[in-house]
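Some notes on the structure that comes next.
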Amino acid sequence: MPGLEDLYREIILDHYRSPRNRGELAVPPAHVAEGFNPLCGDEIKVFLDVHDGVVADIRIAGQGCSISQSSASMMSAAVKGKTVPEARRVLAAFKAMMSVHEAGLDGAEGAADDDLADVKLGDLEALRGVVKFPVRIKCATLAWNTLGQGLDEADAG
């Protein structure tokens, strides 16, 4: 569907050119997690300010390709204001979208996918096309893996 691919390409480029939630938060009170993809040099820092179980604020810093940086921007917009469990569900749904396709199971429904069927990914759907290029999946998931580390740190602290 060429029209949809063009729309998705525009969403990715928009988030790359005008990243949401770019910058840093004071540590503490914010938690910071760092991610690095040695294959391509992408670097991500996720700053999380979690209050009363809610992602009150999130900021993204780092550098890398358009896929890693736009994914980080979309991720920050998707989880800001959500409870930690809601943020973890969005994280799981995004990673499931990437891993199902990565494993070549397009269209396969699993129990884990059923549990996440109600999670709306919105702009994140634009990254679905990345799965056609398996080496780029690590670019798309870098910020998400880093978010997971940050949420773990917030839970522990």
Expressed in nanometres to one decimal, the distance between label points 7 Å along Cα→Cβ at LYS82 and ALA156 is 2.3
Cα-Cα longer than 20 Å, checked against LYS45/LYS138; LYS80/LYS138; LYS45/LYS120; LYS82/LYS132; LYS82/LYS138, kept in input order, equals LYS80/LYS138; LYS45/LYS120; LYS82/LYS132; LYS82/LYS138
Among PRO19, ALA30, THR146, the residue whose Cα sits farthest towards the positive end of the charge dipole of the chain, when +1 is placed on the Cβ of each Lys and Arg and -1 on the Cβ of each Asp and Glu, is PRO19
If every Lys and Arg gets +1 and every Asp and Glu gets -1 at its Cβ, then about the Cα centre the chain yields a dipole, in debye to the nearest 20, of 420
Nearest 10, in degrees from 0 to 90: the angle of helix 134-156 to the longest Cα principal axis of the chain is 30
Helix 66-79: inclination vs the chain longest Cα principal axis, degrees, rounded to 10, gives 60
Given 70-79, 11-20, the highest-first ranking by average Cβ count within 10 Å works out to 70-79, 11-20
Taking max minus min of the Cα coordinates of the stretch 28-95 on each principal axis, largest first, gives extents in Å of 36, 29, 15
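Give me the one-decimal Kirkwood hydrodynamic radius in Å for the chain, with the sum taken over alpha-carbon pairs.
15.7
Each reported figure results from applying straightforward, stated rules to the coordinates on display, with no laboratory input. Just so it is clear, the model here is predicted, and its values are computed rather than measured. In this analysis, Cβ positions are derived from the backbone assuming ideal geometry, glycine residues included, and neighbour counts consider all displayed protein chains.
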